[in-house]
1. Among the residues of the stretch 91-106, is any buried (at least 21 other Cβ atoms within 10 Å of the Cβ) and over 25 Å from Glu152 (Cβ atoms)?
2. Just to check your reading of the model, which residue among Leu294, Leu275 is outside the structural domain of Gln160 (by TED's automatic domain parsing), touching a residue at least 60 places away in the same chain (Cβ under 8 Å), over 15 Å from Gln237 (Cβ atoms) and not β-branched (Val, Ile, Thr)?
3. Working only within the stretch 89-98, note down all residues that are of a type in the set (A, V, I, L, M, F, W, C) and part of a helix (DSSP H, G or I).
4. Restricting to the stretch 177-220, count the residues that are modelled with pLDDT under 90, within 28 Å of Gln160 (Cα to Cα) and of a type in the set (A, V, I, L, M).
5. Given the criterion in the same structural domain as Leu176 (by TED's automatic domain parsing), among the aliphatic types (A, V, I, L, M) and modelled with pLDDT of 95 or more, identify the matching residue among Ala44, Ala26.
6. Given the residues Ala151, Ala124, Ala118, which is the only one that is modelled with pLDDT of 90 or more, among the hydrophobic types (A, V, I, L, M, F, W, C) and in contact with a Phe, Trp or Tyr (Cβ under 8 Å, 6 or more places away or on another chain)?
7. Does any residue of the stretch 250-258 turn out to be under 21 Å from Asp177 (Cβ atoms), crowded, with 18+ Cβ neighbours inside 10 Å and not hydroxyl-bearing (Ser, Thr, Tyr)?
8. Looking at (1) hydrophobic (A, V, I, L, M, F, W, C); (2) in a strand (DSSP E or B); (3) under 26 Å from Thr64 (Cα atoms), which is the one condition that is false for Leu86?
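The values are calculated or read from the model by the stated rules, or taken from the named source; none is laboratory data. Just so you know, these numbers come straight off a predicted model, no measurement behind them. With ideal geometry, Cβ positions are generated from the backbone for all residues, glycine too; neighbour counts draw on all protein chains shown.
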Amino acid sequence: MLNPTESISSEPSDPMSFETIVRMRAALNRALKGKEEVVEAVLAALLAGGHILFDDLPGLGKTTLGKALAAAVGGTFGRLQGTPDLLPSDVTGFNIFNRKTEDFEFRKGPVFADVLLADEINRATPRTQSALFEAMGERQVSVDGRTFPLAETFFVIATQNPVDHQGTFELPEAQLDRFALKLSIGYPDKSHEIELLKDEAQRHSGTRVPFEPVITPEELQQWRARVAEVLVEEKLQGYLIDLASSLREHTEIKNGLSPRALIIWQRVAQAKALLDQRDFITPDDIQQVARPVLRVRLASGLEEVDSVIEQTIASIPVP
């Protein structure tokens, strides 16, 4: 184990050196200007092997972020637009009869990508939303009795419209529990919005630098394995359980945290520690990732959820 005063380091040419994470940060910050905290959360979810739900307005850079992330991990990018008439087969793919071979062949849907942007997911019907359940949880899809594996690096960035908008369907708890984090980008400040306008001008002039790979999908899997090795002491696992128990008993919380939610919370805290160049987690790691982890799975308004989280953290003794 590393000495707590040491950082994770090696030669910059080594894809498992921390220099790789620095380059990943730089690539994503170039795509999503002025949103360092969001980028850090996205990296934590990526390394933790989780998925992200953005509760945000359109046009704030989520598609650009997805494309940059797919390029950074050397993977493919898929896009799915939620509409009321979207079918499950539009997500997973379907069998089609090939007259030449006189047999059925499977045509893959957009879910067969390393990074999938599921845009306006709550405009799709619950039946179509359920097509993502197996993909997000098991990294596979089942069609007509056959199971097809997805990429080991399969990562979903989903967006949803505010639930009070016309033509939206509230996401079921079972699907929400398959997301690691719930994030919001928000508007950029003036200086970064000026940079966005300059980038757009460069795009049309052909002078903008394209997004390039930083690591390979195989190396991303190695980073995820490294996250799993980050030490979580038993007393901190007890701290996590105490926090979850308090939230389960809270009168303002409709549905408490599932065991899967606790596992995700722990894994994201491990990823946060690794991003900070540590191979052990601290109570601060657990607390700092609490909001994005819990917002996606506690049934209440966003402001109320934040207040409940803060009250709960303040009420539980830190080990």
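1. No.
2. Leu275
3. Val91, the sole residue that qualifies.
4. The number of residues fulfilling the criteria is 4.
5. That would be Ala44, the only listed residue that is in the same structural domain as Leu176 (by TED's automatic domain parsing), among the aliphatic types (A, V, I, L, M) and modelled with pLDDT of 95 or more.
6. Ala151
7. yes
8. So the condition that Leu86 fails would be (2).
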